[in-house]
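Student: Please read through the structure below; I'll follow up with questions.
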Amino acid sequence: MDRAAPDAPPFDPELDAALAALGTGARGPVTPENLAARQEQDAAGRPRPTAGELRGDGRFEVEELRVPGAPGGPEVTLVSARPAGIARPLPLLYYMHGGGMIMGNAWSVLRQLLREWALPLELAVVSVEYRLAPQAQYPGPLEDCYAGLVRVAEYAADLGVDPDRIVIGGKSAGGGLAAALALLSRDRGGPAPIGQLLLCPMLDDRNDTFSSRQMAGVDTWDRTSNATAWQALLGERYGTADLPPYAAPARATDLSRLPPAYIEVGSAETFRDEDVAYANAIWQAGGQAELHVWPGAFHGFDTLAPRAALSRDARDARTRWLRRILDGSPGRARTAAQPGMVDDSSSP
């Protein structure tokens, strides 16, 4: 990484050392020219544990489900996991993986989710295998996530989960999808989550905040990679003035009646300003948002440096928020117009 960029806030020393040791700086940004190669590299190198491996010698019940997608769309694969031996319905974290909408898979995130939250919080997890861009463009990935959420709420009893205690969440692109899913489910009168866990969410296709320019060539996910990903997702709609908020939640003008949000971002990352602005917009709409800006953190810091003090603090803060939400803090009331099933034929 070019650490000589003017006015870039410094990385936390421990994170900076971990990043240097990993050699991440030798990897250039994602561009339209190298996108296909980077996708192949990601698919080959990213962990994809099987359901058997995720069961952890019987500690978890894990199954892969295929549910109907949006009308005219393909089936959606969901990976469902929960601590074994608990008969009562459990709260659910409905989770969308990161990867800029162009990389990643539903299986790779489950080990961490099960270890950090499923066991200590007695929480079920469903991870969504949404389609990736550019092979699938907006609204395809979001419709996959919405269809999965509707089916999970419909068949909650069969899955052993409580339909009134669903938290939606995700990281990076997955955080952006979670924010979009909260908006879409609200407006369609669909299942109403009790919280949205937005970890360094990818929210703004315009890619023109101060932090996006400030961290160009510096952050692990910089302005060039971000533009490539948004172009892949939006195609001809990239940069248009009438893009719906479900495509890029930063475009939303109505953030009322949303579930309480946990939003975190690093002070030294591309998404800093759009994420802070989103939290502020929720407050201005009369909603709840807990915002954490981790000093000196780059994008994906806790994945690249999981043992760093800042990474441990971030995980602790997320867990405390989840526990408060699940234990019945303000905001458990259903917020969408109508709970339960919805008309899948509607579209953003």
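Student: Is it true that some residue in the stretch 6-20 is surrounded by 13 or more Cβ atoms within 10 Å (Cβ to Cβ), assigned to a helix (DSSP H, G or I) and touching a Ser or Thr at 6+ places or on another chain (Cβ under 7 Å)?
Tutor: Checked against the condition, which is being surrounded by 13 or more Cβ atoms within 10 Å (Cβ to Cβ), assigned to a helix (DSSP H, G or I) and touching a Ser or Thr at 6+ places or on another chain (Cβ under 7 Å), the stretch 6-20 yields no hits at all.
Student: Pick out the one residue from VAL30, VAL62 that is open to solvent by less than 30 Å² (accessible area, probe 1.4 Å), at pLDDT 95 or above and not in a loop (DSSP other than H, G, I, E, B).
Tutor: VAL62
Student: Looking at the stretch 120-152 only, could you name the residues that are of a type in the set (A, V, I, L, M) and either open to solvent by less than 20 Å² (accessible area, probe 1.4 Å) or at pLDDT below 95 (or both)?
Tutor: LEU123, ALA124, VAL125, VAL126, VAL128, ALA133, ALA136, LEU142, ALA147, LEU149, VAL150, VAL152
Student: Can you pull out the residues in the stretch 153-186 that are surrounded by fewer than 24 Cβ atoms within 10 Å (Cβ to Cβ), part of a helix (DSSP H, G or I) and in contact (Cβ under 8 Å) with a residue 40 or more places away in the chain?
Tutor: Selection gives GLU154, ALA156, ALA157, LEU159, LEU183, ARG186.
Student: How many of the residues making up the stretch 66-100 are assigned to a strand (DSSP E or B) and without any contact (Cβ under 8 Å) to a residue 60 or more places away in the chain?
Tutor: Within the stretch 66-100, residues that are assigned to a strand (DSSP E or B) and without any contact (Cβ under 8 Å) to a residue 60 or more places away in the chain number 5.
Student: Looking only at the stretch 239-252, decide whether some residue is farther than 16 Å from GLN137 by Cα, touching a residue at least 24 places away in the same chain (Cβ under 8 Å) and in contact with an Asp or Glu (Cβ under 6 Å, 6 or more places away or on another chain).
Tutor: For the stretch 239-252, residues farther than 16 Å from GLN137 by Cα, touching a residue at least 24 places away in the same chain (Cβ under 8 Å) and in contact with an Asp or Glu (Cβ under 6 Å, 6 or more places away or on another chain): present.
Student: While we're here: From the list ALA241, ALA216, ALA192, pick out the single residue that is in contact with a Lys or Arg (Cβ under 6 Å, 6 or more places away or on another chain), assigned to a loop (DSSP other than H, G, I, E, B) and closer than 24 Å to PRO32 by Cβ.
Tutor: ALA216
Student: Same structure, new question: So is ARG318 among the basic types (Lys, Arg), touching a Phe, Trp or Tyr at 6+ places or on another chain (Cβ under 9 Å), at pLDDT 95 or above and under 19 Å from ASN226 (Cβ atoms) or not?
Tutor: For ARG318, the condition - among the basic types (Lys, Arg), touching a Phe, Trp or Tyr at 6+ places or on another chain (Cβ under 9 Å), at pLDDT 95 or above and under 19 Å from ASN226 (Cβ atoms) - is not met.
Student: Of everything in the stretch 41-59, what is in a helix (DSSP H, G or I) and surrounded by 11 or more Cβ atoms within 10 Å (Cβ to Cβ)? Give them in sequence order.
Tutor: GLN41, ASP42, ALA43, ALA51, GLU53, LEU54, listed by residue number.
Student: A further question on this structure: Please go through the stretch 211-248 and give me each residue that is charged (D, E, K, R), open to solvent by 40 Å² or more (accessible area, probe 1.4 Å) and at pLDDT 95 or above, ordered by number.
Tutor: Once the filter is applied, which keeps residues that are charged (D, E, K, R), open to solvent by 40 Å² or more (accessible area, probe 1.4 Å) and at pLDDT 95 or above, the stretch 211-248 yields ARG213, ARG223, GLU236, ARG237.
Student: Give the residues of the stretch 101-130 that are within 15 Å of CYS145 (Cβ to Cβ), in contact with a Ser or Thr (Cβ under 8 Å, 6 or more places away or on another chain) and assigned to a loop (DSSP other than H, G, I, E, B), sorted by residue number.
Tutor: Those that are within 15 Å of CYS145 (Cβ to Cβ), in contact with a Ser or Thr (Cβ under 8 Å, 6 or more places away or on another chain) and assigned to a loop (DSSP other than H, G, I, E, B): ALA106, VAL109.
Student: Would you point out the residue of the stretch 248-270, among those that are in contact with a Pro (Cβ under 7 Å, 6 or more places away or on another chain) and part of a loop (DSSP other than H, G, I, E, B), that is nearest to VAL30 (Cα to Cα)?
Tutor: So, considering only residues that are in contact with a Pro (Cβ under 7 Å, 6 or more places away or on another chain) and part of a loop (DSSP other than H, G, I, E, B), the one nearest to VAL30 (Cα to Cα) is ALA268.
The values are calculated or read from the model by the stated rules, or taken from the named source; none is laboratory data. These numbers were taken from a predicted model, which means no experiment stands behind them. Note: ideal-geometry Cβ built from the backbone for every residue, glycine included; neighbour counts use all protein chains shown. Ligands, DNA and RNA are stripped out before the accessible areas are found, and what is left, the full protein with its side chains, is counted by its heavy atoms. Shrake-Rupley method; radii C 1.70, N 1.55, O 1.52, S 1.80 Å.
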